[in-house]
1. Would you check which residues across region 149-176 are surrounded by fewer than 18 Cβ atoms within 10 Å (Cβ to Cβ) and over 29 Å from residue 89 (Cα atoms) and list them?
2. Quick one: which strands (runs of 3 or more DSSP E) sit completely within region 223-276 and have at least 2 residues that are surrounded by fewer than 15 Cβ atoms within 10 Å (Cβ to Cβ)?
3. Quick one: which of 39, 73 is closer than 18 Å to residue 14 by Cβ, part of a helix (DSSP H, G or I) and either touching a helix residue (DSSP H, G or I) at 6+ places or on another chain (Cβ under 8 Å) or touching a residue at least 60 places away in the same chain (Cβ under 8 Å) (or both)?
4. Output the residue which, of all residues in region 229-253 that are over 26 Å from residue 162 (Cβ atoms) and in contact with a strand residue (DSSP E or B) (Cβ under 8 Å, 6 or more places away or on another chain), is modelled with the lowest pLDDT.
5. Can you confirm whether residue 187 is surrounded by fewer than 24 Cβ atoms within 10 Å (Cβ to Cβ) and not in a loop (DSSP other than H, G, I, E, B)?
6. Please tell me if residue 139 is more than 15 Å from residue 289 (Cβ to Cβ), in the same structural domain as residue 288 (by TED's automatic domain parsing) and not in a helix (DSSP H, G or I).
7. Identify all residues within region 55-70 that are outside any loop (DSSP other than H, G, I, E, B), surrounded by fewer than 16 Cβ atoms within 10 Å (Cβ to Cβ) and out of contact with any strand residue (DSSP E or B) (no Cβ under 8 Å at 6 or more places or on another chain); write none if there are none.
8. Scan region 206-213 and tell me whether some residue there is within 18 Å of the chain's Cα centre (by Cα), assigned to a loop (DSSP other than H, G, I, E, B) and over 23 Å from residue 130 (Cβ atoms).
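The values are calculated or read from the model by the stated rules, or taken from the named source; none is laboratory data. Quick caveat, the model's predicted, so the values are computed rather than measured. All Cβ positions, even for glycine, are placed from backbone atoms using ideal geometry, and neighbour counts span all protein chains on display.
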């Protein structure tokens, strides 16, 4: 981040904001004559300004004897920093408008069939029905809709405050109910780069994958085979789901020298759908998720579901190709659908600042 330099009659300031999100907080260097003071400060808060002034006067009582003059200079600097924040925000919005225009230009190059899918008011229902037909899913449309909304909400850009808009889901049901099969059916029609499916992971696995490929988890739906696959990832998932980013400080060596401190970062946003037989996960992680109980079959369906058992029951068919061979007959439809997903994702990312993803009970109302 670029430093903000400001000079008054008596003081020279060099201010380095700590982040793009909170530009008023950072390291401030105050120079007067031959004296120089470096310390962290939050220019929005008078109390923090006073603490900075007290620190400067303690170090150099004579140089900073004019307490009131330094206070006025800091207030003036706070105004300059505030103006700079508004300028940067306006520039960011202008860049987004250009990106939006570019997305529309790209849309003009798409086939009419793809545009029709994107603009359809029944795109969710159509997608779920197509995936259910391809994978021979008996019923369970409301659960597939829920999984789909959770998966594609990862494509929404965070708000300017950093708040993520994706919805995360825990699917609970008895063993063999078909939780994984429903997730597999939804994932089959999505672009491969949108989905990260895994069966097991170590505590720092996401950090190492993101170090090798920083784009690995950006706008990604993470789909673990079982809740046990996330037990080691709780400390990573909590900040990643809430703020779209997780950072881990560690010490290691490249083999050519002494150990050095460095930070490993995972950039989201991501969403997670966790199928499990457990009714409780980590307490803090669970507060970030919508818990849905997949009802068991009842009545005539309970007697007839055995006819669908090879497809809807038992362990998910891991390792198979993402598309079922029976989809060959729907190849054109599936290609068109994936292209539509990509188009829709581009729009979400540039328009998310004026749109809101359904969360919690609101998501259930859409089913």
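1. 174, 175, 176
2. 245-252, 260-267
3. Going through 39, 73 in turn, the sole match is 73.
4. Step by step, filter region 229-253, then rank; the result is 253.
5. yes
6. Answer is yes for this residue.
7. Of everything in region 55-70, those that are outside any loop (DSSP other than H, G, I, E, B), surrounded by fewer than 16 Cβ atoms within 10 Å (Cβ to Cβ) and out of contact with any strand residue (DSSP E or B) (no Cβ under 8 Å at 6 or more places or on another chain) turn out to be 58, 67, 68, 69.
8. Within region 206-213, one or more residues are within 18 Å of the chain's Cα centre (by Cα), assigned to a loop (DSSP other than H, G, I, E, B) and over 23 Å from residue 130 (Cβ atoms).
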